[in-house]
Each structure stands twice: as structure tokens, then as C-alpha cells.
1. Does the range 90-152 come out rounded, prolate or oblate by the C-alpha gyration tensor, with a ≥ b ≥ c the root eigenvalues, rounded set by a/c under 1.5 and, if not, prolate when a/b is larger than b/c and oblate if not?
2. Can you list the residues of the range 106-126 with backbone N under 17 Å from a point 7 Å past the Cα of R140, pointing along Cα to Cβ?
3. Using a simple spin-label model with points 7 Å from Cα along the Cα→Cβ vector, what separation in nm is obtained for L98 and T147?
4. Cut-off is 10 Å between beta-carbons; in what order do Y89, Y121, Y71 appear when sorted fewest neighbours first?
5. Determine, from the Cβ-Cβ distance of R55 and F111 and an R0 of 22 Å, the FRET efficiency 1/(1 + (r/R0)^6), rounded to the nearest 0.05.
6. Assuming R0 = 25 Å, can you tell me the calculated FRET efficiency for the pair A90 and R48, based on Cβ-Cβ distance, to the nearest 0.05?
7. Taking amide H positions as placed 1.01 Å from N in the peptide plane, with prolines and chain starts having none, which residues 5 or more places from H84, or on another chain, fall under 5 Å of its amide H?
Amino acid sequence: MTDKETGLAGGSLQARSEKEVRTSNSSNNASTITTQAARRRGGAHHRRKGDRVEREIVEAHRAIGVHAERYPLSGASRFRGSGHDIDIYALGRDEGPLIAECKARKGGAGFTTLERWLGEYDLLFLRRNNADALVLLPWRVWQRLLTRGRAS
């Protein structure tokens, strides 16, 4: 497929990725190349943003005296069978960590409905039929829960 056919100037990354996938279908490495092409679409910008948000969350916990750390390669690999983002030692370093995932969105399209439902309340419980309930709480409430026992 030529650049004119794809409508992409200069053989852009997406066009090259599609070419690699198409040419690889005849070889025995098709799945490897397809996976590599799919990875390229995420982009370094998205990775940097995710890393930045994870570091901010870790620092916010450390600022209130709660040990937290980013998980190795957070989400990029299945290190020790897990791909989560952050370990939060809310009950102390001797106890197992709470396993956390971080999500950030520019416009927060999916978050605005949740924020509207939460309003000024402390907690929002979400439950789908035949599933465990989810709990959403603002940082102010989370911080209060974590620091309550330490203030004494």
C-alpha cells in the first residue's frame, strides 16, 4: 500500500506498521510483528504521562507518611504475575500492600459522570448485578482514613 493509498504523508509510523503486519503474514513471525506494531501506537507521550501521574500519587502518599512505590515496569510487563501500577502500604511496611491501578484522562470523559454522582459526598458505591461493589472516594477522604490512626 502506498502513501497515497493510505492518505499518510512520508510513510508515517502507522503506515509502516500496517506494511510490517501485512508483509509478515506470510512469515512465521506474524504474531510477534503484529504485537510490536500494536505497541507502537500507544506512544511515548502516553507512557510519560502515565509515569508522571503514578509518581505524583506515590509522592502524595509519602507526603502524608504512607509508604508507596511504583511497581517495576508498572503495567508494561507481568512482573511476578502482576501488571498493576502502585503498591500502597496503608497498614504499614510489615503488612502486605494495597495494589493500585492509576488512570488519567485529559478531558476525563469517563470520570465526569462519576464525579457528578459523588458530588460532595464522601463515598460512592457502584455495583453491577452479580458483581462485587466498587468504592470511589475523593483524595480528602482517603487521606483522612490513612492518617487518622497516625495522628494519635
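Every number here is computed from the coordinates shown, using simple stated rules; none is lab data. Since we're looking at a predicted model, the values are computed, not measured. Cβ coordinates were reconstructed from backbone atoms using ideal geometry, including for glycine residues, and neighbour counts include every protein chain displayed.
1. Numbers: a/c = 1.79, a/b = 1.58, b/c = 1.14.
Prolate, since a/c reaches 1.5 and a/b exceeds b/c.
2. Residues 115-124 fall inside that zone.
3. Here the modelled spin labels are 1.5 nm apart.
4. On the way: Y89 16, Y121 11, Y71 21.
By the 10 Å Cβ count, ascending, the order reads Y121, Y89, Y71.
5. Numbers: r = 20 Å, r/R0 = 0.90.
Plugging the Cβ-Cβ distance into 1/(1 + (r/R0)^6) gives 0.65.
6. Details: r = 27 Å, r/R0 = 1.09.
Taking R0 as 25 Å, the efficiency between A90 and R48 is 0.35.
7. G75
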